[in-house]
Amino acid sequence: METEIPNVPDAEMILDGAAESVIKTKNFIFENVIIIFSISLFLMAAVILLTVADISFKENETITSDVYVLEGYSNTDKIMKEQRKEDCSQGLNEVQKLCKKKGSGELGKKKCMKYDCCIWAEYKDKKNKVNCIPGDKAGPSISHANLGYDEYYYKNKKYKV
């Protein structure tokens, strides 16, 4: 005695249903080809127009850091050099603060090297950070019995202590 499974479609019914779906889709496309073509043409024209007119829908990026406008760019280097000389002509405490503000790392070293009153000192023991301190070609302005510096840089030239 064989039992039949109710409501199970056979392969022929599945293929007939798929063929009917394809025929309906094909008929829909052929019946509406003018509308589909018109919409596609409109979208392409809109994209081309936006590209040619350089229209963007991105939000403007805002600048969140300090911005300095330098006018008269040709005199900028001269003005900056004068400002650095003026900064270096202050007292030793002010120069110490100025040098300390230069920071650490390669950027700090580059900033430090621009000033006539600052040197970039490197410690003998690598426990301490290298830093910008007051000094000139002759060495550090602050004299201590044991400086702890092995070498220093002044205007990108290396000097031994």
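The values are calculated or read from the model by the stated rules, or taken from the named source; none is laboratory data. The structure presented is a predicted model; accordingly, all values stated were derived computationally and were not measured. Glycine gets a Cβ as well: all are built from the backbone with ideal geometry, and neighbour counts include every protein chain shown.
Would you mention how many residues in region 7-47 are closer than 30 Å to PHE57 by Cβ and over 50 Å from the mean Cα position of the chain (by Cα)? Total meeting the criteria: 0.
Quick one: is LEU41 at pLDDT below 90 and surrounded by 10 or more Cβ atoms within 10 Å (Cβ to Cβ)? No, not satisfied. Within region 141-161, if we keep just the residues that are more than 29 Å from ASP77 (Cα to Cα), part of a loop (DSSP other than H, G, I, E, B) and not β-branched (Val, Ile, Thr), the residue that is modelled with the highest pLDDT turns out to be GLY148. Under the condition of being of a type in the set (D, E, K, R) and part of a helix (DSSP H, G or I), the residues counted in region 25-54 number 2.
Within region 110-140, the set of residues being at pLDDT 70 or above and under 15 Å from LYS160 (Cα atoms) comprises ILE119, TRP120, ALA121, GLU122, TYR123, VAL130, GLY135, ASP136, LYS137, ALA138, GLY139, PRO140. Does GLU94 satisfy being modelled with pLDDT of 80 or more, among the acidic types (Asp, Glu) and more than 21 Å from the chain's Cα centre (by Cα)? For GLU94, the condition - modelled with pLDDT of 80 or more, among the acidic types (Asp, Glu) and more than 21 Å from the chain's Cα centre (by Cα) - is met.
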